[in-house]
Amino acid sequence: MKIAFTTTDGSMIDQHFGQCESFQIWEIGPDQASFLESVSTEAHGSDEEDRIAARAKILSDCAIVYTMQIGGPAAAKLVAQKIHPMKTNAAVSLPETVAKLQEVLRGNPPPWLRKAMNKGQTVSFEED
């Protein structure tokens, strides 16, 4: 699944969602993780409402956004797009976060994460 991170240098999740200059997009699965691209947020939106909507739109392929801080309206816009915001509240290591997420994916992910993993797919519960 695709996951976005707010980071200044690619090693720490250390940016506010509404103030970051770019998002790093990763493809993360239980056994592998790889950096895909960095997406600039510069020319997206003139006021706060436009900026938040534009950021949600450029992240539309992502299932989760890890960020140090995010406001309520921005989080609500992401949730409306079926993107799960994850707030760290402090600068944390991006590689360690990826490793922890992979560990959870290899085990029994919580329902919200299973839903995020299946974003855009029709889910059948017949096997459960």
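The values are calculated or read from the model by the stated rules, or taken from the named source; none is laboratory data. Bear in mind the structure is a predicted one, so any value in this text is a computation, not a measurement. When the accessible area is computed, the model is the full protein with side chains, heavy atoms only, and any ligands, DNA or RNA have been set aside. Shrake-Rupley method; radii C 1.70, N 1.55, O 1.52, S 1.80 Å.
Values computed for the structure shown
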{"quantity": "DSSP bridge orientation in the chain - percent antiparallel, rounded to nearest 5", "calculated": "65"}
{"quantity": "Surface accessible to a 1.4 Å probe, per residue, for the residues of the chain, Å²", "calculated": "59"}
{"quantity": "With Cα atoms, 0 to 90° folded angle of helix 94-106 axis to the chain main axis", "calculated": "30"}
{"quantity": "Taking only Cα atoms of region 50-111, radius of gyration then Dmax in Å", "calculated": "12.7, 39"}
{"quantity": "Cα gyration tensor category, rounded, prolate or oblate, for the chain with a/c compared to 1.5", "calculated": "oblate"}
{"quantity": "Portion, in percent, of the accessible area of the chain that falls on carbon or sulfur, probe 1.4 Å", "calculated": "49"}
{"quantity": "21 Å Cα-Cα reach of residue 77 towards lysines, excluding residues that sit fewer than 8 places from it in its own chain", "calculated": "2, 57, 87, 115, 119"}
